[in-house]
Amino acid sequence: KNKNIGFKRNFAAKKSSKEYLVFIDSDAYPKKGWLENFLNILLKKKKLSAIGGPNLSPPTKNSEKKIVSKIRKLPFVTLNNFIKSKSLSRFTDFLPSCNLCVKRKDYLNVGGMDNKILAGEEIRLFYYLNKNKKKIYFSQNSPVYHIDRNLINFFRQRMTYGTEANLFLKYPNKQTFLFLLSILPIFNFLFVILSIPFYETFFFKLNTICLFSTFIISIFYAIKISHLKMFFKYLKAILMSIYGPGIGFILQFFTKESDQKRRYRQV
């Protein structure tokens, strides 16, 4: 019913009696041979605790989903953005749960995923797997195709990520640090607006430079990945990805958790 995805996955893991658990999202589908490739690698690399693969965008004629697909490949949008393409297989410290196979014994030993948060529930799992020096592997030959959201739902998703900025206090690592950093642009923007009367101060000038740099970077990437006629749509999507987490972080103090859940689930 109203339980979070981490709770549901932990519940299923306890009910299972198999050696491995495999996770995929409801809006994703695998390539043929997905599980067979996992199994072949696990038989060769028996010390692996978890394995996953690319999280690719499926073909679509929807222009907004095409934009979101490209935006999600940017390094400041997706954690470990190599997962968004068939990049080289490698050992890693993090994998998204939309394409994941993990030893049930290790999963249960570390207590599974976080059952209280809306997004990023797998961060807890990998925080403790890494802490216990477990091996995690990315295989380029086991992709799933993850259906992209349209622009408004992409923006809602980015806002939800901002509500998890405090995860750095619970699980201090690279992923949660980037979650924390993602809320800073909105505070930079607000500081510049509110401190205009003090435009001669050093902090106003410093924040103005940061704000200007953010827009320059956004324009640079919009030019790099867009078609000329679509430039402003790409720029808008990039700005959504940059400012969405901070907006979500602020709004969580004024909205009910049930409203946050509906926003994230695209309802």
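Collect the residues in the stretch 241-253 that are open to solvent by 50 Å² or more (accessible area, probe 1.4 Å) and either closer than 7 Å to G162 by Cα or part of a helix (DSSP H, G or I) (or both), keeping them in residue-number order. Hits for the stretch 241-253 are I247, L251.
Does the stretch 66-77 hold any residues that are among the β-branched types (V, I, T) and open to solvent by 10 Å² or more (accessible area, probe 1.4 Å), and which are they?
V77
Of the residues making up the stretch 202-240, those that are farther than 27 Å from T163 by Cβ and open to solvent by less than 60 Å² (accessible area, probe 1.4 Å) are F204, T208, I225, S226, M230, F231.
Taking the criterion of being out of contact with any Phe, Trp or Tyr (no Cβ under 7 Å at 6 or more places or on another chain), among the charged types (D, E, K, R) and within 29 Å of K44 (Cα to Cα), the residues of the stretch 122-167 that qualify are E122, K131, K133, K134. Which members of the stretch 107-133 meet the condition of being touching a residue at least 60 places away in the same chain (Cβ under 8 Å) and basic (K, R)? Across the stretch 107-133, the qualifying residues are K116, R124.
Picking from S17, S49, which residue would you name as being part of a loop (DSSP other than H, G, I, E, B) and of a type in the set (G, A, S)? Break it down stepwise before answering.
On the way: S49 fails: part of a loop (DSSP other than H, G, I, E, B).
After ruling out the rest, the residue left standing is S17.
When the stretch 9-32 is filtered for residues that are within 26 Å of the chain's Cα centre (by Cα), open to solvent by 30 Å² or more (accessible area, probe 1.4 Å) and in contact (Cβ under 8 Å) with a residue 60 or more places away in the chain, the ones remaining, listed by number, are K14, Y20, V22, I24, D25, D27, Y29, P30, K31.
Residue-by-condition table, conditions (1) open to solvent by less than 20 Å² (accessible area, probe 1.4 Å); (2) of a type in the set (A, V, I, L, M, F, W, C); (3) out of contact with any Gly (no Cβ under 7 Å at 6 or more places or on another chain):
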residue: K46; (1), (2), (3): no, no, yes
residue: S49; (1), (2), (3): yes, no, yes
residue: K61; (1), (2), (3): no, no, yes
residue: E64; (1), (2), (3): no, no, yes
residue: L79; (1), (2), (3): no, yes, yes
residue: F82; (1), (2), (3): no, yes, yes
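Taken together, the residues in the stretch 181-201 that are part of a helix (DSSP H, G or I) and open to solvent by less than 60 Å² (accessible area, probe 1.4 Å) amount to 4.
Listed here are the residues, each with its yes/no results for (1) at pLDDT 95 or above; (2) more than 22 Å from K70 (Cβ to Cβ).
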site: F189; (1), (2): yes, yes
site: F202; (1), (2): no, yes
site: T214; (1), (2): yes, no
site: L235; (1), (2): yes, no
site: I238; (1), (2): yes, no
site: G244; (1), (2): yes, no
site: D259; (1), (2): no, yes
site: V267; (1), (2): no, yes
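The C-beta contact set for the stretch 142-157 (first residue in contact (Cβ under 8 Å) with a residue 40 or more places away in the chain, second residue part of a loop (DSSP other than H, G, I, E, B) and open to solvent by less than 10 Å² (accessible area, probe 1.4 Å), distance under 6 angstrom, 6+ apart or interchain) comprises S142/G53; P143/G53; P143/P54; H146/C98.
The values are calculated or read from the model by the stated rules, or taken from the named source; none is laboratory data. For clarity, every value in this text was computed on a predicted model and none was experimentally measured. No Cβ is skipped: glycine too gets one built from the backbone with ideal geometry, and neighbour counts run over all protein chains shown. Keep in mind that these areas ignore ligands, DNA and RNA; they rest on the heavy atoms of the full protein, side chains included. Shrake-Rupley method; radii C 1.70, N 1.55, O 1.52, S 1.80 Å.
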